[in-house]
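Chemist: Dumping the structure here so I can ask a few things about it.
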């Protein structure tokens, strides 16, 4: 018996089908390779942009440290009338590079300096009530606790959350978080959520509350009327507002100058241990915008004499910007 053979038309159809399958397979592999190469290039470009953005923000931080160092050389009280307190409005990055004769370096960057925008501000961290003051020698400080009670009342926040805040602060600061069952000591403001504070309460308190590495006084030249009122027991809010307005024409030289300008205020006469006109802790806010990429950074810096060191840096796209350029009038 002779073997069966496909008609020539059938053979041609099978060959054509095999060729089409081969072409489809090759095209699929090629498309996959092209997509993978494109993806790798996109990832590499994004990583390069991220690294360059980090360096640019670091440069902004170094510049801010120089500003604070220069302010220390000048001396005098720290106030909102000094150069460091003027926020940097959003400006093209090329403006700064041209000013520093670094435009040639920008030409090799994946970030187009003409399309990148930088903004920022230096904020006095001692213009707010310090959570660290709540605990002294392992015990709740009654003076600081009353300050926070007044602040919570002024802002209409639940006293139960202040109880949580004070208890968690005492447990964490008593042992600096070294005990096995002690709450973790936050390094940044948003980490205070670890202690059980609600997001709404934290957002409301952010312009008025801070956690610093050591106890601190409130700077009357930079604090808001709300913070001044909360810091000084027995002070009426109208006087706190007058203080915030009066310093705009001339900053207070010291606490004695404040008391001299308000001789009839008994509350201020006993406030030497609570108030100051100098600050050693500042926050540096920086924001870099390039197309759809927005990178924000907040750094806490410590100034001792002419030395300005970075304590902690926090970077992210969702950092609150409510404090940038805050005139501390409310």
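Chemist: Expected output is a single nm value to one decimal: the length gained when fully extending between residue 54 and residue 215, i.e. 0.36 nm times separation in residues minus the C-alpha distance. What is it? Before the final figure, lay out the partial values.
Modeler: Working: separation 161, 0.36 × 161 = 57.96 nm, distance 3.11 nm.
Here the answer is 54.9 nm.
Chemist: While we're here: Please compute the modelled spin-label separation between residue 233 and residue 21, points set 7 Å along Cα→Cβ, answer in nm with one decimal.
Modeler: Going by the 7 Å Cα→Cβ label model, 8.9 nm.
Chemist: Another one. Order the peptides 116-128, 137-149 from the highest to the lowest mean number of other Cβ atoms within 10 Å of their residues. Could the numbers behind the result be given before it?
Modeler: Details: 116-128: 23.5, 137-149: 14.9.
Top to bottom by mean Cβ count within 10 Å: 116-128, 137-149.
Chemist: For segment 266-310, what is the largest minus smallest coordinate of the Cα atoms on each principal axis, given in angstrom and ordered from greatest to least?
Modeler: Rounded to whole Å, the extents work out to 55, 27, 10 Å.
Chemist: Related question: For a test of the definition: using alpha carbon positions, the gyration tensor, and the 1.5 limit on a/c, classify segment 217-279 as rounded, prolate or oblate.
Modeler: Taking the square roots of the gyration eigenvalues as a ≥ b ≥ c, segment 217-279 is rounded.
Chemist: Then there is this: Sort 228-235, 273-280, 252-259 by the packing proxy (mean of other Cβ within 10 Å over each peptide's residues), most packed first.
Modeler: Descending packing order for the listed peptides: 228-235, 273-280, 252-259.
Chemist: Report the calculated FRET efficiency for residue 266 and residue 167 (r = Cβ-Cβ distance, R0 = 30 Å), to the nearest 0.05.
Modeler: Efficiency computed from Cβ-Cβ geometry: 0.40.
Chemist: Can you give the translational diffusion coefficient of segment 132-271 in µm²/s, computed by Stokes-Einstein from the Kirkwood radius over Cα pairs at 10 °C and 1.306 mPa s?
Modeler: Value of D from the Cα-based Kirkwood radius: 98 µm²/s.
Chemist: Provide the three semi-axes, in whole Å and in decreasing order, of the ellipsoid equivalent to segment 129-206 as defined by the square roots of 5 times the Cα gyration tensor eigenvalues.
Modeler: Equivalent-ellipsoid dimensions as semi-axes: 20, 15, 9 Å.
Each value in this text was obtained by applying a stated rule to the coordinates, not by laboratory testing. The structure displayed is predicted, hence computed values, not measured ones. Every residue, glycine among them, receives a Cβ derived from its backbone with ideal geometry; neighbour counts consider all protein chains shown.
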